[in-house]
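Undergrad: Attaching a single structure in C-alpha cells format; questions to follow.
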Amino acid sequence: MARIPLMAGNWKMNLNHIEAIALVQKLAYTFKADDFAALEIAVIPPFTDIRSVQTLVDGDKIALKYGAQDVAVADKGAFTGEVSALMLAKLGCTFVIVGHSERRANHGEDDQKVNLKVQAALRHGLTPILCVGEGLDTRQAGEQVAHTLAQLDAALAGVASADVANLVIAYEPIWAIGTGEVATPADAQEVCGAIRARIREVHGSAADQVRVLYGGSMKADNVAALMKEQDIDGGLVGGASLDPDEFVSVCRYRLHP
Ligand code: 13P
C-alpha cells in the first residue's frame, strides 16, 4: 500500500490566534486541490490557536489538517496547566506531537512519559507524531541508530500493531533542529530506514503503513532530495512553516526540479 506523504508545520511557541488565522487563510488560498490530492498537509499551532484554526478550517471547508504540540497523560482531573487528548479530539485535531526533543529537554519528559502520552492520544483517536532522534554527541559517537531505536521501542511499549500502522514517527536529529544544519539525505535515510526495519521486526506489516518523517531545518531548497529517500514519507517542519510561501514550496517538493 502506498503511503500518503505528510508535511506538518510545527509552529512551536509562535503566532497568537489572530496571526494563526492570517497564516491559515494565506495557506488556504495558496494551496490548490492538486496539493491536497498529492499529500496530507497539517499545521500544529500552539493550544491557544487551535479553536480559531478549527473554526476557519470547518467554516471554509479547507482540506488542511491540524493538531497540537503536546498532550497530557491523563484524560482529566487536577493537572493544572495540562491539556488532555479528550479536549484536543473535541477540537477536531487529527495529530498530536509527542516527545518532541524540546519537551524532553525542557520539561523532563522521559521515555516512559512519552509512552503514556502516545497511549493517551491513541485512546481518543488522535494520531501521535512521535518524535525521536539523537543529539550531537551521540551522532559523533556513531550511536544514532541505537539511540533512536531505543527511544522508539520505549515509546511504543504495549502499543498494538494495528495502532502502530497508523502512527507517524518523526526522526528529528537534535543537532539539525533550528540550526540550519540539515541532515544529508543519506544520513536521514539511514535512521528512517532503521526505524521502519525495527517496526517490521516487532509489528510486521505495520511497517508498510507507518509514516516516517524527517525534521530538522527542512526547507524548500532541501526537501526534494530528502523526499527521494525511500523511507522518508514527509517532514516535520519548524521555522519554514511560519512563512506561508516557504511552507507551500516545501509542500510542493514534487514540483521542484
Ligand atoms: P526546524 O525546522 O526549525 O529546524 O525545527 C524542526 C522541528 O523541531 C520540528 O518539530
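The values are calculated or read from the model by the stated rules, or taken from the named source; none is laboratory data. Predicted, not measured: the structure shown is a model, and the values here were computed from it. For neighbour counting, all protein chains shown are included, and Cβ atoms are generated from backbone atoms with ideal geometry for every residue, glycine included. Heavy atoms of the whole protein, side chains included, go into the accessibility calculation; ligands, DNA and RNA do not. Shrake-Rupley method; radii C 1.70, N 1.55, O 1.52, S 1.80 Å.
Undergrad: Starting from the eigenvalues of the Cα gyration tensor, five times each then square-rooted, give me the equivalent ellipsoid semi-axes of the chain, largest first, whole Å.
TA: 25, 23, 17
Undergrad: At 1.4 Å probe size, what's the solvent-accessible area of GLU40? Round to the nearest 10 Å².
TA: Approximately 30 Å² for this residue.
Undergrad: Sticking with this structure for a sec: Given a 1.4 angstrom probe, I'd like the percentage of the accessible area of segment 50-185 that is carbon and sulfur, rounded to a whole number.
TA: 53 percent
Undergrad: Read phi for every residue in segment 71-88 and hand back ³J(HN,Hα) as whole Hz from Karplus 6.51 cos²θ - 1.76 cosθ + 1.60, θ = phi - 60°, with x for Gly and Pro.
TA: 8, 6, 6, 8, 8, 6, x, 7, 9, 3, x, 8, 10, 8, 4, 4, 5, 5
Undergrad: Starting from the Kirkwood Rh over alpha-carbon pairs, what translational D in µm² s⁻¹ does segment 122-213 have by Stokes-Einstein at 4 °C and 1.567 mPa s?
TA: Reported coefficient: 96 µm²/s.
Undergrad: Same structure, new question: Step through the residues of segment 27-43 one at a time and calculate ³J(HN,Hα) from phi using the Karplus curve (6.51 cos²θ - 1.76 cosθ + 1.60, θ = phi - 60°), rounding each to whole Hz and writing x for Gly and Pro.
TA: Those phi angles translate into 4, 5, 8, 8, 5, 10, 3, 4, 5, 5, 6, 8, 7, 8, 10, 9, 10 Hz.
Undergrad: OK, next. Work through the residues other than PRO257 whose Cβ is under 14 Å from its Cβ and net out their charges, Lys, Arg +1 and Asp, Glu -1.
TA: That sum, taken over residues with Cβ under 14 Å, equals +2.
Undergrad: Also, quick follow-up: Please list, by residue number, everything in segment 119-163 whose backbone N is under 20 Å from a paramagnetic label point 7 Å out along Cα→Cβ of ASN106.
TA: 129-136
Undergrad: Rounded, prolate or oblate, given the Cα gyration tensor of segment 135-181, with a/c below 1.5 counting as rounded?
TA: Oblate.
Undergrad: For SER84, enumerate residues with amide H under 5 Å from its amide H, sequence gap 5+ or separate chain, H modeled in the peptide plane.
TA: Residues meeting the amide H criterion: ALA72.
Undergrad: Could you please put PHE247, PHE79, PHE36 in sequence from largest to smallest accessible area, using a 1.4 Å probe?
TA: PHE79, PHE36, PHE247
Undergrad: Apply the a/c threshold of 1.5 to the C-alpha gyration tensor of segment 55-140 and tell me whether it is rounded, prolate or oblate.
TA: Oblate, because a/c is 1.5 or more while a/b does not exceed b/c.
Undergrad: Using every Cα-Cα pair within segment 44-193, state what percent have a distance larger than 28 Å.
TA: For segment 44-193, the fraction of Cα-Cα distances above 28 Å is 23 percent.
Undergrad: Below 8 Å, C-alpha to C-alpha, sequence gap of six or more: please give me the relative contact order for the chain in percent.
TA: So the answer I get is 20 percent.
Undergrad: Would you pull out the residues with amide H under 5 Å of THR127's amide H, same chain only if 5 or more places away, H placed 1.01 Å from N?
TA: Sorted by chain and number, the residues that satisfy this are PHE95, VAL96.
Undergrad: A follow-up question, please. Can you give the relative contact order of segment 105-214 as a percent, counting alpha carbon pairs under 8 Å and 6+ residues apart?
TA: 30 percent
Undergrad: Please report the relative contact order for segment 1-93, taking Cα pairs under 8 Å with a sequence separation of at least 6, and give it as a percent rounded to a whole number.
TA: Averaging sequence separation for qualifying contacts and normalising by length gives 29 percent for segment 1-93.
Undergrad: Net charge near ASP111, counting Lys/Arg +1 and Asp/Glu -1 over other residues with Cβ under 14 Å of its Cβ?
TA: 0
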